[in-house]
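Structure, as structure tokens:
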Amino acid sequence: MTWTKKTKQTVILLAFAFPALLFYAVFVLAPAFGGVGYSMTDWNGLNPAYSRVGFANYVEALTDDSYFIDAILFTLKYVVCMVVLQNAIAIGLAVLIESRRRTKSLFRTIFFMPNMISLIIGGFMWLFIFTKVLPDIAAHTGLRFLDQSWIGDPTYSFIAILILSLWGGVGYLMVIYVAALQGIPSHLKESAAIDGANAWQSFRYVTLPMIYPAVTIGIFLTLNSSFKVFEAVYSLTGGGPGRATQVIALNIFEEAFANSNRYGYASAKAIILFLIVMLITVVQLRVMKNREVEA
Amino acid sequence: MILGKGGRAGSVVIVLFLGIAAVFTLFPIYMGLLNSLKTEGDMLNGILSIPSRLEFGNYADAFRKIHYWRSLGNTAEVAAIGLAGIILFASMAGYKLSRSTGRLSNAIFLVFVLSMLIPFHSIMITLTRISRSLDVQGSTWGLGFIYIGLGVSFAIFLYHGFVKSIPRELDEAAVIDGCGDFRLFFVVIFPLLLPVTATTAILNLLWMWNDFLLPLLMLTNSKSYTLLISTNMLFGEYGNNDWSAILASLVLAMLPVIVFYLLLQKYILHGIAEGAVKG
């Protein structure tokens, strides 16, 4: 049998792509499609028999499950705070360390370090800070505002989660912003300085417009990771007190593996999370396209 | 310089501000390290103070409780299997998909790229079930295999882009010399992919090393626990009550990444910036 050149090329293409495709199909595609299927059943993970229930799980999750709705609202609150704070702090730090010459790399090393540490480890360390160290400092110095029920009071545990997340995440965005700042031609800032612009004007009218593409990336990276937040909450509060700080991913996790074992129902929630993340990405691609046209 | 006109006073303010931010960043790590070297009594006397004598007993305790060497070995094993598979399979696929122009090749590439949208939490439930029925749940090698599946698409994306910068003439010359497809790839192309291989290796190593939820779901046998899972289990057991041993185990658990970071910082920061912009 002789193969035409085209057939041969197709066979070679498949041979090169096959190993990757195999692992990918088994551990990503199959679970993804399987999840969609299970989301329309009442499968409970233990009982091999289950029946189809259509969209009942979705309806229940979005109308009847106050814990899930609260988790979505709490996650939204978290996302908004993270997008604003994480990017603002990262840009601030990037601008400030770029203005240094000798201490630049030292500060960059320090600020990026938490990013290397798992948020599980970081979360436990911060738990020690919030429950042991801060009350101790408050007792010895009279800084009374430090002595709060950081983990036990929902308002303060939200702040604690934000502090942990920012501590772990700011360095990553800072690296991106530093790379963007280094791409700005220095003559732009020089001519702004000659024209009499002060530091703020130079930042607002020269630096910021020049790093807009990086800001877009930074905002969407934060959006994407914040909607999926899990470790920071798991290690610090476990979703508590009660379920006051439960986020979407934790709610899915507990629904499936801790509380009820309602796999089918939890799958529906998992698909809802997927739809949220996909929506963000579609918006992101739109925005980025428009920006490119303008530029 | 961006903040050029501040002068000397401005400069002092900036350094002061950066210094405070640096203290804030290092504070939890420093407190963890400091108190991991104290006896319980020393800690009660003053959390902020320097220990009256260094107590290494906490570390001996932590070593035993989290089975440090075994956990470290398991983590390294998972990461090594995952990394080897991701680099080998993704470079092969990324190269060929980038070189082929047909509709089939575009479709395969699109399938890989689109999946990068799927959050892990959306597939974890069914993934757990599939892994159980394939008997890969519970073992370190099984976990490594799953990481290959989860990691290849982003790696293919990176390789696919990089291959475009390698001239096609190189492939053609090798083919004329009678080189087969696989030999061409492994002998000629793969060494040229080194920069993107380094980026892929760093990003994936960090991800697998610090990933928590997947091993939590997969490692049902305590003999195959990774560092993070052992630490988490220790915390679950003692909670808020035995901070000495827990802090020592936290320091032990983060030690490998910190060393790795301080040694390879330049490459890591480069890889991060590279990966973020392309992703």
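A quick yes/no check of all residues on (1) facing chain B (nearest Cβ under 9 Å); (2) out of contact with any helix residue (DSSP H, G or I) (no Cβ under 6 Å at 6 or more places or on another chain); (3) open to solvent by less than 30 Å² (accessible area, probe 1.4 Å); (4) of a type in the set (A, V, I, L, M):
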residue	(1), (2), (3), (4)
A:Y67	no, yes, no, no
A:D70	no, yes, no, no
A:L76	no, yes, no, yes
A:V80	no, yes, no, yes
A:Q86	no, no, yes, no
A:A94	no, no, yes, yes
A:I97	yes, no, yes, yes
A:R101	yes, yes, no, no
A:K104	no, no, no, no
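Just so you know, in the range A:183-203 the residues that are within 10 Å of chain B (Cβ to nearest Cβ) and in contact (Cβ under 8 Å) with a residue 12 or more places away in the chain include one that is surrounded by the most Cβ atoms within 10 Å (Cβ to Cβ), and it is A:S202. Could you list, in sequence order, the residues of the range B:101-144 that are more than 27 Å from B:R168 (Cβ to Cβ), of a type in the set (A, V, I, L, M, F, W, C) and within 7 Å of another protein chain (Cβ to nearest Cβ)? Scanning the range B:101-144 gives B:L117, B:I118, B:I123, B:I125, B:L127, B:I130. The residues on offer are A:I72, A:I97, A:I91, and the sole one that is modelled with pLDDT of 90 or more and within 16 Å of the chain's Cα centre (by Cα) is A:I72. The single condition among (1) within 11 Å of another protein chain (Cβ to nearest Cβ); (2) over 17 Å from B:L88 (Cα atoms); (3) over 14 Å from the mean Cα position of the chain (by Cα) that B:K223 does not satisfy is (1). For A:W167, the conditions (1) within 12 Å of chain B (Cβ to nearest Cβ); (2) open to solvent by less than 10 Å² (accessible area, probe 1.4 Å) all hold with the exception of (2). Hey, could you check the range A:237-255 for residues that are open to solvent by less than 10 Å² (accessible area, probe 1.4 Å) and in a helix (DSSP H, G or I) and say which is farthest from A:S149 (Cα to Cα)? Among residues in the range A:237-255 that are open to solvent by less than 10 Å² (accessible area, probe 1.4 Å) and in a helix (DSSP H, G or I), the one farthest from A:S149 (Cα to Cα) is A:I252.
Taken over the range A:220-236, the criterion of being open to solvent by less than 50 Å² (accessible area, probe 1.4 Å) and more than 9 Å from chain B (Cβ to nearest Cβ) is satisfied by A:F220, A:T222, A:L223, A:S226, A:V229, A:A232, A:V233, A:L236. When the test is whether a residue is touching a helix residue (DSSP H, G or I) at 6+ places or on another chain (Cβ under 7 Å), outside the structural domain of B:N241 (by TED's automatic domain parsing) and without any contact (Cβ under 8 Å) to a residue 60 or more places away in the chain, B:A60 does not pass it. Can you spot a residue in the range A:273-287 that is assigned to a helix (DSSP H, G or I), facing chain B (nearest Cβ under 8 Å), open to solvent by less than 60 Å² (accessible area, probe 1.4 Å) and in contact with a His (Cβ under 9 Å, 6 or more places away or on another chain)? Yes.
Inside the range B:181-203, residues that are free of Cβ contacts under 8 Å to residues at least 24 places away in the same chain and either within 11 Å of chain A (Cβ to nearest Cβ) or over 14 Å from B:F162 (Cβ atoms) (or both) make up a count of 7. The residues of the range A:8-56 that are open to solvent by 50 Å² or more (accessible area, probe 1.4 Å), polar (S, T, N, Q) and in contact (Cβ under 8 Å) with a residue 24 or more places away in the chain amount to a single one, A:N44. If only residues of the range A:106-128 that are among the β-branched types (V, I, T) and surrounded by fewer than 22 Cβ atoms within 10 Å (Cβ to Cβ) are counted, the one that is farthest from B:G239 (Cα to Cα) is A:T109.
Of all the numbered requirements in (1) out of contact with any Gly (no Cβ under 9 Å at 6 or more places or on another chain); (2) under 30 Å from B:T25 (Cα atoms); (3) aromatic (F, W, Y), A:Y58 misses one, and that requirement is (2). Filtering the range B:37-49 to residues that are open to solvent by 60 Å² or more (accessible area, probe 1.4 Å) and either aliphatic (A, V, I, L, M) or not in a helix (DSSP H, G or I) (or both) leaves B:L44, B:L48.
Okay, residues lined up against (1) open to solvent by 20 Å² or more (accessible area, probe 1.4 Å); (2) more than 26 Å from A:L119 (Cβ to Cβ); (3) among the basic types (K, R); (4) in contact with an Asp or Glu (Cβ under 7 Å, 6 or more places away or on another chain):
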site	(1), (2), (3), (4)
B:F24	yes, no, no, no
B:N35	no, no, no, no
B:F56	yes, yes, no, no
B:A60	yes, yes, no, no
B:Y68	no, no, no, no
B:Y95	no, yes, no, no
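Among the residues of this structure, B:G10 counts as one that is at pLDDT below 95, at the interface with chain A (Cβ under 8 Å from one of its Cβ atoms), farther than 14 Å from A:G92 by Cα and out of contact with any Lys or Arg (no Cβ under 9 Å at 6 or more places or on another chain). Against the test of being more than 9 Å from chain B (Cβ to nearest Cβ), among the aliphatic types (A, V, I, L, M), over 21 Å from A:I120 (Cα atoms) and touching a residue at least 40 places away in the same chain (Cβ under 8 Å), the options A:I217, A:I211 yield a single qualifying residue, A:I211.
Considering only the range A:259-268, I want to know if a residue exists there that is among the hydroxyl-bearing types (S, T, Y), outside any helix (DSSP H, G or I) and more than 26 Å from A:T155 (Cβ to Cβ). Outline the logic, then answer.
Step one: list which residues in the range A:259-268 are among the hydroxyl-bearing types (S, T, Y), which gives A:260, A:263, A:265, A:267.
Restricting the remaining residues to those that are outside any helix (DSSP H, G or I) gives A:260.
If we keep only those that are more than 26 Å from A:T155 (Cβ to Cβ) as well, we get A:260.
Yes, because at least one residue in the range A:259-268 is among the hydroxyl-bearing types (S, T, Y), outside any helix (DSSP H, G or I) and more than 26 Å from A:T155 (Cβ to Cβ).
The values are calculated or read from the model by the stated rules, or taken from the named source; none is laboratory data. The structure presented is a predicted model; accordingly, all values stated were derived computationally and were not measured. Don't worry about glycine lacking a Cβ; one is built from the backbone with ideal geometry, like all the others, and counts go over all protein chains shown. Accessible surface areas use protein heavy atoms only, side chains included; no ligands, DNA or RNA. Shrake-Rupley method; radii C 1.70, N 1.55, O 1.52, S 1.80 Å.
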